[in-house]
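Right, one structure below, let's go through it.
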Amino acid sequence: MFGPAGYHADPDAPRVVVLENRVVNVREREGLVIEAEEREDGVRAELVVREGVRLEEPVHFCVGVPWEEGVQRIETRVVVESGARVTLLSHCSFPRAEDVLHEMVAEFVVEDGAELEVRDVHYHGERGVRLRAEYELEVGEGGRLSSEFRLTRGRVGELEWVSRGVVRREGSLESVVRVMARGEDVVDVEESVRLVGEDAGAVLDSRSAAIDGARVRFVGEISGEAPGARGHVECSEIIRGDGRVESVPKLRVVDPDARLTHEAALGTLERREIEALMSRGLSEEEAVELLVEAMLRG
Amino acid sequence: MALLEVKDLRVSVGEEVIVRDASLRVESGEIVDLVGPNGSGKSTLARAIMGSEGYEVEGEIRFKGEEISDLPMHERARRGLTLCWQEPARFDGLTVGEYVMAGCEEEEWARRCLRMVGLDPDEYWERECGEGLSGGERKRVELAAVMAMRPELVILDEPDAGLDMSSLEDLARLIEWMREQGSSVLLITHSRDLAEEVGDRAYLMLDGRIVEEGDPEEIVYKCRICGGDLVCGAE
């Protein structure tokens, strides 16, 4: 139904399915409450995992516009109550997009001792979409939020992504971003995390490729505001052709007992790797794609 | 008609001429040695035949009768010509299975090729080519990837470098097996044992020129008296 971003194979899996601005399917589970409503200007969906409920099977959150044009606006709130646990598989697919705008405003609340894992896979077709996303992330004491955003197949279009997080005592937040941009694609990702509680931790890990004129900007900022706070920003970008990349790790230490680090690498693909694959019969484009996909997988 | 025929090839980088008026041929089913001292231009000749970027090439390269000098590297490969690179790249992130399958459509055959180079496919298939492999293992994977293509002609550029004597014996068997599978071989080597054991004919290259063609034992001898650094397995 939704193409290469994937779709749940199990028709009984817990889920929310939103087609453009219509809610077409909701399936709950015991301890998982989903409220989804259609509004004049989009869809609002709230998912709550009740206190202490640990869902083994992932919850699918499928959104997309399956036709050439459209505007999709989604407001989401995900609350994982104390001691609860859930994995959210988000498939955002726009396989035939020519003129599609996708706006997402999301709030993820991970309460004390709770765990939320988000895997967000996008497919924007061969022309790309305009995607504007704004995330507010809150991790309570001892809570854990790990998220992964992937857009590595097809085109991007224009991506504006802003994420702000707050992590409390002994909580942790990990964000992984993998994007392959080509041609006219423009990617602008800004992530910031405040470590406000003692021994809070965060990792911001970005890998992207800017190929043949694409522009990628990644800003990863961590602010250490409590004793024992630990944070790391890692950016690894590949440039090919006349792609442009700006990679900005930012660290702010407010508490002297916080420890923050960063690592950044900008580079091109090795010619001899490309030629080795070409000597097996892959065209230069195919060789680059295989190498970039491998790089972005990690 | 020769499988590969190179005539009066001149290869340069900028002002520097590395290969001068080189001519050689490989017939279908043959294993042909190319020996010579370090820096004599053997690897440059191999890369120029394969179509590597960065060289200015004049002269003729005919593969199965077709002039391929103007073809990009992948088109040469699709016609059945390939090169086993002297120093395999790292390919960070790529798995052994992905690399071996890059030029191959049959997974079972690719797995068999891994077994032929002494690597258990069940153990290595999902392993990363970069950090997951030693230099010697990377070399074996490179050989397996070449064989997996079922090429009509493979140029082996010093496949013996870094291998011990027992591996050299395995390598000789492997090269013979390649021939049994339908691949002809142009073998660039510094190993006297390997050159003499598997070669049907040999060329000697000195200072960018191919100066002699003949029986492998005779060419190996001439290479040594010309200051060539051929070694036997025990040295």
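A quick yes/no check of all residues on (1) within 18 Å of the chain's Cα centre (by Cα); (2) assigned to a strand (DSSP E or B); (3) of a type in the set (S, T, N, Q):
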| position | (1), (2), (3) |
| --- | --- |
| A:SER147 | yes, yes, yes |
| A:LEU159 | yes, yes, no |
| A:VAL179 | yes, yes, no |
| A:VAL187 | yes, yes, no |
| A:GLU190 | yes, yes, no |
| A:SER206 | yes, yes, yes |
| A:PRO227 | no, no, no |
| A:LYS250 | no, yes, no |
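With respect to the conditions (1) within 14 Å of chain B (Cβ to nearest Cβ); (2) over 18 Å from A:GLU174 (Cα atoms); (3) not in a strand (DSSP E or B), A:ASP257 falls short on a single one, namely (1).
Would you point out which residue out of A:HIS124, A:HIS91, A:HIS102 is touching a residue at least 12 places away in the same chain (Cβ under 8 Å) and out of contact with any Gly (no Cβ under 6 Å at 6 or more places or on another chain)? Give the derivation first.
On the way: A:HIS124 fails: out of contact with any Gly (no Cβ under 6 Å at 6 or more places or on another chain); A:HIS91 fails: out of contact with any Gly (no Cβ under 6 Å at 6 or more places or on another chain).
Matching residue, one of A:HIS124, A:HIS91, A:HIS102: A:HIS102.
The set of residues in segment A:260-298 that are assigned to a loop (DSSP other than H, G, I, E, B), in contact with a helix residue (DSSP H, G or I) (Cβ under 6 Å, 6 or more places away or on another chain) and more than 7 Å from every other protein chain (Cβ to nearest Cβ) contains only A:LEU269.
Is there a residue in segment B:82-90 that is over 15 Å from B:LEU187 (Cα atoms) and aromatic (Phe, Trp, Tyr)? No.
Here the condition is being outside any strand (DSSP E or B) and among the charged types (D, E, K, R); of A:ASP120, A:ASP112, it holds for A:ASP112 alone.
Listed here are the residues, each with its yes/no results for (1) over 21 Å from the mean Cα position of the chain (by Cα); (2) β-branched (Val, Ile, Thr); (3) closer than 20 Å to A:GLY154 by Cβ; (4) modelled with pLDDT of 95 or more.
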site	(1), (2), (3), (4)
A:SER236	no, no, no, no
A:GLU270	yes, no, no, no
A:SER279	yes, no, no, yes
A:VAL292	no, yes, yes, no
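As a summary of the residue check, A:PHE61 satisfies the conditions (1) touching a residue at least 24 places away in the same chain (Cβ under 8 Å); (2) more than 24 Å from A:VAL166 (Cα to Cα); (3) out of contact with any Asp or Glu (no Cβ under 8 Å at 6 or more places or on another chain) except for the one numbered (2). Counting only strands (runs of 3 or more DSSP E) that sit wholly inside segment B:1-117, those with at least 3 residues that are in contact with a strand residue (DSSP E or B) (Cβ under 9 Å, 6 or more places away or on another chain) and facing chain A (nearest Cβ under 9 Å) are B:81-84.
The values are calculated or read from the model by the stated rules, or taken from the named source; none is laboratory data. If you're wondering where the values come from, they're calculated on a predicted model, not measured in any experiment. Every residue, glycine as well, gets a Cβ built from its backbone with ideal geometry; the counts of neighbours run over all protein chains shown.
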